[in-house]
1. Looking at this structure, is residue 84 free of Cβ contacts under 8 Å to residues at least 40 places away in the same chain and in a strand (DSSP E or B)?
2. For the condition out of contact with any strand residue (DSSP E or B) (no Cβ under 9 Å at 6 or more places or on another chain) and closer than 14 Å to residue 63 by Cα, what is the one hit in 111, 119?
3. When both residues are 6+ apart or on different chains and their Cβ atoms are under 8 Å apart, which pairs have a first residue that lies in the stretch 94-109 and is at positive phi and at pLDDT 95 or above, and a second that is surrounded by fewer than 23 Cβ atoms within 10 Å (Cβ to Cβ) and not in a strand (DSSP E or B)?
4. Might you check whether a residue that is at pLDDT 95 or above, touching a helix residue (DSSP H, G or I) at 6+ places or on another chain (Cβ under 6 Å), surrounded by 17 or more Cβ atoms within 10 Å (Cβ to Cβ) and within 24 Å of residue 79 (Cβ to Cβ) occurs anywhere in the stretch 118-127?
5. State all residues of the stretch 13-44 that are assigned to a helix (DSSP H, G or I), touching a helix residue (DSSP H, G or I) at 6+ places or on another chain (Cβ under 8 Å) and either loosely packed, with under 13 Cβ neighbours inside 10 Å or free of Cβ contacts under 8 Å to residues at least 40 places away in the same chain (or both); if no residue qualifies, say none.
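The values are calculated or read from the model by the stated rules, or taken from the named source; none is laboratory data. Keep in mind that what you see is a predicted model, and the values were worked out from it rather than measured. When we count neighbours, we look across all protein chains shown, and the Cβ atoms used for this are built from the backbone with ideal geometry, even at glycine.
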């Protein structure tokens, strides 16, 4: 898979380790920065990651920030993006299996790198379930997204 990876300044210290680990697993990596510990706004990095997924130049994404919360909020603003904050292995695979998550968000201040490796492995190895109830629920998420977009557009008419 092609994995789009980004981090803000709080996640910078973990980002290069994540990139090397993902490459060691055999994936192609797109590095969206940040490239130093200088302050940067996480929504700017999230935009790069999400747009690559939306444009199909990446299959999945990983965002690293201090807690993972801001990255998750930012990523979930983009249509077609289902970002999940996961700080344990169960959530890391279940977010893909049940919810078809395409961006994993983790917090460099919250978990150590050894745990991050296992979380990332679980996320990247997981596949969206073929079971009807999970497909139905993700379809409803897509419909909710479409409804919200129509609501916004109706305000401008």
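1. yes
2. Within the list 111, 119, the selection yields 111.
3. What qualifies is 100/82; 100/128; 100/134; 100/138.
4. To start, the set of residues in the stretch 118-127 that are at pLDDT 95 or above comprises 118-127.
If we keep only those that are touching a helix residue (DSSP H, G or I) at 6+ places or on another chain (Cβ under 6 Å) too, we end up with 118-119, 122-123, 126.
Next cut, surrounded by 17 or more Cβ atoms within 10 Å (Cβ to Cβ) only: 119, 122-123, 126.
Still in the list and also within 24 Å of residue 79 (Cβ to Cβ): 123, 126.
Scanning the stretch 118-127 turns up at least one residue that is at pLDDT 95 or above, touching a helix residue (DSSP H, G or I) at 6+ places or on another chain (Cβ under 6 Å), surrounded by 17 or more Cβ atoms within 10 Å (Cβ to Cβ) and within 24 Å of residue 79 (Cβ to Cβ).
5. 42, 43
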